[in-house]
1. Amide H of HIS88 versus every other amide H placed in the peptide plane: which residues, excluding those fewer than 5 positions away on the same chain, fall under 5 Å?
2. Which whole-Hz ³J(HN,Hα) couplings does region 95-101 yield from phi under the Karplus relation 6.51 cos²θ - 1.76 cosθ + 1.60, θ = phi - 60°, glycine and proline marked x?
3. Under 5 Å between amide hydrogens, which residues at least 5 positions from ILE210 or on another chain qualify, with H placed 1.01 Å from N in the peptide plane?
4. Pop a pseudo-label 7 angstrom from the Cα along the beta-carbon direction at both PHE35 and MET1 and give the gap in nm to one decimal.
5. Ranked highest first by the average count of other Cβ atoms within 10 Å around their residues, in what order do 228-238, 32-42 fall?
6. Taking Cα pairs under 8 Å and at least six residues apart, what relative contact order does region 126-242 come out at, in percent?
7. Take LYS200 and ASP164, extend 7 Å from each Cα along the Cα→Cβ direction, and tell me the distance between the two endpoints in nm.
8. Rounded to a whole number, what % of the accessible area of the chain do carbon and sulfur atoms account for, probe 1.4 Å?
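The values are calculated or read from the model by the stated rules, or taken from the named source; none is laboratory data. Keep in mind that what you see is a predicted model, and the values were worked out from it rather than measured. Neighbour counts run over all protein chains shown; Cβ positions are idealised from the backbone, glycine included. The accessibility values were calculated without ligands, DNA or RNA, using every heavy atom of the protein model including side chains. Shrake-Rupley method; radii C 1.70, N 1.55, O 1.52, S 1.80 Å.
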Amino acid sequence: MKIGLFIPCYVDQFYPKVGIATYELLQKLGCDVHFPMGQTCCGQPMANSGYAHLTKGCDANFIANFSGFDYIVCPSGSCVLHVKDHLHDEKQEEKATAIRNTVYELTEFITDVLKIDHIDGRFPFKVGMHVSCHGQRGLKLSQMSELNAPFFSKPEQLLHSIKDLDLVALTRKDECCGFGGTFCVTEEAVSVKMGQDRIKDHESHDVDYITGGDMSCLMHLDGILKRQKSRIKTIHIAEILNSLEN
């Protein structure tokens, strides 16, 4: 199974350990992983700001780098959702369609494609799971709490299998953290207040770490935690799952 590893630009620039953890984890799970060196931004920041018409160069470059793989895997729900919903190229629409149908967020790839529901790793800490909006509401990685429907969570399913990890049940488990891409720039005060509210929920459960599938949300929360001089740390779910012994 030939995998193209799609690493978001902010992960590449600020959190390379998350990209490395994703690469190592997929290899441990038996995948043939390749990192296309020519990949750049998928175009999400422009599209979210109302400039989707300026992403044609990003789309063409993405197609050039990721055509031909069996699957494309990314440790970010928001970037995956953008590609699934917005990747088009009138000159290469067949290739764009193939990519849209084979790009996956990391945890959904593990559970839905590899059919793995247990990761034999170890992380001896108390952890709160931050549920990012794009992953939950766009990719359906977990059930929305406002629906009268059976609960499920692909990320939590994997976390529950990690030895010695104490995954807490948050009071408002799928509330937005306020990051929202460029929202945190244009509506800074609202964004920070929303992030502070999310952190209070984790603090009330005395967690050691906040984890999640989107490093962008965790970056937002981490900035607030550091300004508050909190002992709580953030960690991407790929880094926890990569505790799997090879």
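1. Close amide H contacts, sequence-distant or interchain: none at all.
2. Rounded to whole hertz, the list is 5, 4, 4, 4, 5, 4, 8.
3. For ILE210, the qualifying residues are GLY128, LYS233, THR234, ILE235.
4. 2.1 nm
5. On the way: 228-238: 17.9, 32-42: 15.1.
Averaged packing, sorted descending, gives the order 228-238, 32-42.
6. 30 percent
7. 3.4 nm
8. Carbon and sulfur: 52 percent of the exposed surface of the chain.
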